Every structure is written in C-alpha cells, then in structure tokens.
Amino acid sequence: MNPEITNFLRAILTGDMTLKSIREKAFDLIESSLTSIPKTIAISKGEARAIIPVATLDEICRLAREGKKIAAIKLLRDSTSPAWGLKDSKDFVDAL
C-alpha cells in the first residue's frame, strides 16, 4: 500500500486529525492519484507488441467505432512503426 495512505489511515485511527484535516487530506490523495494515471499502454496482437500513448489508443478506438477502420489502421501503424505491419494493425483494429 502507498506509504502516504498508510500514514493517513494511521493518523485517522489514532485521532491525530480533525474532521476538516481528514477531508482535506482525502481530497489531496484523490487528486494526486488522478495525476498518476498511465500515459502509455502496452498492446499486443499475437506476436506483435507495442507501447503507445493512451490518447492514441482512444483515438484508434473512436475511429474504429465510427467505421473509419482505414484511418484507425493507419494511425496504429504510424504509432507502432516499425514494429507493426499492415496485417497486425488490421487484425488489431478488426478485434476492437
């Protein structure tokens, strides 16, 4: 467990914090956890593997949902170049 959370829980249990300070600290912990969301993601299809930005994967999924599969495949190929070829990219987009 995160040491900061452990210390926070310990302070609550020992009565070292006021209700106001508990609330403030809880909001701080939530805010800091939101900024630690991964910015990249590992993807794979068969033997093909790559790490791409989460925003790029979101865009690929959006394009595929809108029926713009060629644009999605092109974006995926550009994002994973030179690792993924046309077949790997097409198979990945088709599986979405």
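Here are a few things to note about the model shown:
- The charge dipole of the range 40-95, taken about its Cα centre with unit charges on the Cβ atoms of Lys, Arg (+1), Asp and Glu (-1) only, comes to about 140 debye.
- Put a dot 7 Å past the Cα of Phe27, heading toward its Cβ, do the same for Arg62, and the two dots end up 3.0 nm apart.
- By the helix-only formula, in which each DSSP H run with n ≥ 4 contributes -39500 (n - 2.57) and the sum is divided by residues, the chain has a 222 nm mean residue ellipticity of -20000 deg cm²/dmol.
- Comparing Ile12, Leu29, Val54 along the charge dipole axis of the chain, the residue lying farthest to the positive side is Val54, per the Cβ-charge model.
- Ranking Ser81, Gly67, Pro3 by how far each Cα lies toward the positive end of the dipole of the chain (charges on Cβ) leaves Gly67 at the top.
- By the count of neighbouring beta-carbon atoms within 10 Å, fewest first, Thr56, Thr18 end up ordered Thr18, Thr56.
- Taken about its Cα centre, the chain carries a charge dipole of about 300 debye when Lys and Arg each add +1 at the Cβ and Asp and Glu each add -1 at the Cβ.
- Shape of the range 40-95, Cα gyration tensor, a/c cut at 1.5: oblate
- Max mean-square fluctuation residue, GNM over the chain, Cα-Cα springs under 10 Å, options Leu63, Leu75, Leu19: Leu19
- Candidate lysines - alpha carbon under 18 Å from Lys45, same-chain residues fewer than 8 apart omitted: Lys69, Lys74, Lys87, Lys90
- Fully extending the segment from Ala95 to Val54, taken as 0.36 nm per residue of separation minus the present Cα-Cα distance, adds 13.0 nm.
- Using θ = phi - 60° in the Karplus curve 6.51 cos²θ - 1.76 cosθ + 1.60, the 3J(HN,Hα) couplings for the range 69-82 round to 5, 5, 5, 5, 5, 4, 4, 5, 4, 5, 6, 10, 4, x Hz; x is entered for Gly and Pro.
- Computed over the chain, the Cα gyration tensor eigenvalues convert (square root of 5λ each) into semi-axes of 44, 14, 9 Å, ordered from largest to smallest.
Computed from the coordinates by the stated procedures, all read-outs in this text should not be read as laboratory data. Every value quoted in this text rests on a predicted model; they were computed, and no experiment measured them. Neighbour counts run over all protein chains shown; Cβ positions are idealised from the backbone, glycine included.
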